[in-house]
Amino acid sequence: MPFTLHFGEADPLRCRFALSPLWETQEAVRTLARPERHGYHLPWLRRLRGARTAGDLDFTPLQILMPHRGHNPDCLYPPPIGPAATFDEEIARVRATDPESARDDLAQALADAGTSDRPEARAMLADPARAIGELADLIEHAWRTLIAPDWPRLRALLEADIAYHSRRLADVGLEGMLRELHPRLEWDGTSTLTLDKTGDHRRDLGGAGLVLMPSVFSWPDVISGFDPPWQPTLVYPARGIAGLWAPPSTRTPETLARLLGRVRAEVLRALDDPTGTTALAHRLGLAPSSVSAHLSVLRDAGLLRSRRYGHQVLYERTPLGIALAAEQPGP
């Protein structure tokens, strides 16, 4: 049976995009235990190999709460509170979870995963307050080791996906944009979004709207759920994962380097998608202050445009900038 989300009159007005460092952290933990996902993240996994050998990446207490199909504990990974939530803000919400409600949440996830009889599981259910604290500590450790070193790159890709789909929303409307998020999503033309998956789940949005959240480590799956009181959320695979772990291009045409200066030309060439200063500096291995200065010059020259997104400014090429950054044909 399908998974369906039913829209009322007010729900389309309350749909929003968001991204979540907390969600990417838990999906990275899940990816470590899912060999079928490894092919998408081989450079990342190779870099982690030393830490895994040293036993620094043992996330068993989290992984026994992650069924392949079924309930995941919403109290550990609630929908993001806004478009630019930080990890610290999100993990603070986890630590503030009511232990009594968390117990039922954890029990359902353990039952669906078939791990209720494990000693770690019994300890969680016997003392849910302690379990939430210990699990939050482990999630923080996962954030520091798995995600934080690459977060500027990951955030840039997620923000580029949101920028793309926001433009598609303007071009084709909500119905057209929802159809494009994933091949398994179907809109009935009136009020129902269907996700082709096993199980029978119906959720009336009830005026709460829908959070649309791109994800890197969930790729290629599309995921929905979050029981009340959490806002309904649809997690879909972010665009551009094929080039996520690729090293930055080192080939900058000499003519462009002579025209703009080599570093400025590299900044222009690196802007394949809308990107902020910090993420671009991380990508190029430059100081953020230096990148900021070059971005200002390129924008003043009409090669870039900028727009504010949350707490940061994203830069993207203008048509002239796109033409200049294009590979030049050889002689």
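The values are calculated or read from the model by the stated rules, or taken from the named source; none is laboratory data. Bear in mind that the values here come from a model prediction, so they are computed numbers and not experimental data. Positions of Cβ are generated from backbone atoms using ideal geometry, with glycine treated the same way; all protein chains shown enter the neighbour counts. These accessible areas exclude ligands, DNA and RNA; they are computed on the full protein's heavy atoms, side chains included. Shrake-Rupley method; radii C 1.70, N 1.55, O 1.52, S 1.80 Å.
Within the range 201-228, track down each residue that is of a type in the set (Asp, Glu) and touching a residue at least 40 places away in the same chain (Cβ under 8 Å).
Result: 204, 227.
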Examine the range 160-167 for a residue that is surrounded by fewer than 17 Cβ atoms within 10 Å (Cβ to Cβ), modelled with pLDDT under 95 and of a type outside the set (A, V, I, L, M, F, W, C), and state whether such a residue exists. yes
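Here is a check on your reading of the model: is residue 317 over 27 Å from the mean Cα position of the chain (by Cα), open to solvent by 10 Å² or more (accessible area, probe 1.4 Å), charged (D, E, K, R) and at pLDDT 80 or above? So that I can check it myself, show each step before the final result.
Working: over 27 Å from the mean Cα position of the chain (by Cα): no; open to solvent by 10 Å² or more (accessible area, probe 1.4 Å): yes; charged (D, E, K, R): yes; at pLDDT 80 or above: yes.
Taking the combined requirement at face value, the residue does not satisfy it.
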Scanning the range 62-115 residue by residue, those of a type in the set (Gly, Ala, Ser), modelled with pLDDT under 90 and not in a helix (DSSP H, G or I) turn out to be 70, 82, 84, 85
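Being within 15 Å of residue 227 (Cα to Cα), of a type outside the set (Gly, Ala, Ser) and more than 25 Å from the chain's Cα centre (by Cα): is that true of residue 98 here?
No, not satisfied.
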Quick one: which of 139, 91 is β-branched (Val, Ile, Thr), under 25 Å from residue 48 (Cβ atoms) and in contact with an Asp or Glu (Cβ under 7 Å, 6 or more places away or on another chain)? 91
Out of (1) outside any helix (DSSP H, G or I); (2) closer than 26 Å to residue 91 by Cα; (3) hydrophobic (A, V, I, L, M, F, W, C), the odd one out for residue 138 is which? (1)
Identify the single condition in (1) closer than 30 Å to residue 117 by Cβ; (2) surrounded by 14 or more Cβ atoms within 10 Å (Cβ to Cβ); (3) of a type in the set (Val, Ile, Thr) that residue 4 does not satisfy, given that it satisfies every other one. (1)
Right, residue 69: out of contact with any Asp or Glu (no Cβ under 9 Å at 6 or more places or on another chain) and either over 21 Å from residue 208 (Cα atoms) or open to solvent by 40 Å² or more (accessible area, probe 1.4 Å) (or both) or not? no
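If I filter the range 15-26 for residues that are open to solvent by 40 Å² or more (accessible area, probe 1.4 Å) and not small (Gly, Ala, Ser), do I get at least one hit? Give the steps one after another, and end with the answer.
First, the residues of the range 15-26 that are open to solvent by 40 Å² or more (accessible area, probe 1.4 Å): 16.
If we keep only those that are not small (Gly, Ala, Ser) too, we end up with 16.
Yes, some residue in the range 15-26 is open to solvent by 40 Å² or more (accessible area, probe 1.4 Å) and not small (Gly, Ala, Ser).
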Those residues of the range 295-314 which are touching a Gly at 6+ places or on another chain (Cβ under 6 Å) and either touching a residue at least 40 places away in the same chain (Cβ under 8 Å) or surrounded by fewer than 17 Cβ atoms within 10 Å (Cβ to Cβ) (or both), in sequence order: 312, 314
Flag for residue 50 being modelled with pLDDT under 85 and not in a loop (DSSP other than H, G, I, E, B): yes
Residue 111 passes all but one of (1) out of contact with any strand residue (DSSP E or B) (no Cβ under 8 Å at 6 or more places or on another chain); (2) surrounded by 15 or more Cβ atoms within 10 Å (Cβ to Cβ); which number fails? (2)
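Across the range 285-311, which residue is modelled with the highest pLDDT among those that are under 27 Å from residue 82 (Cβ atoms) and among the small types (Gly, Ala, Ser)?
To start, the set of residues in the range 285-311 that are under 27 Å from residue 82 (Cβ atoms) comprises 288, 291-292, 295, 299, 304-311.
Among the residues that remain, those that are also among the small types (Gly, Ala, Ser) are: 292, 306, 310.
Details: 292: 92, 306: 87, 310: 64.
Filtering first and then ranking leaves 292.
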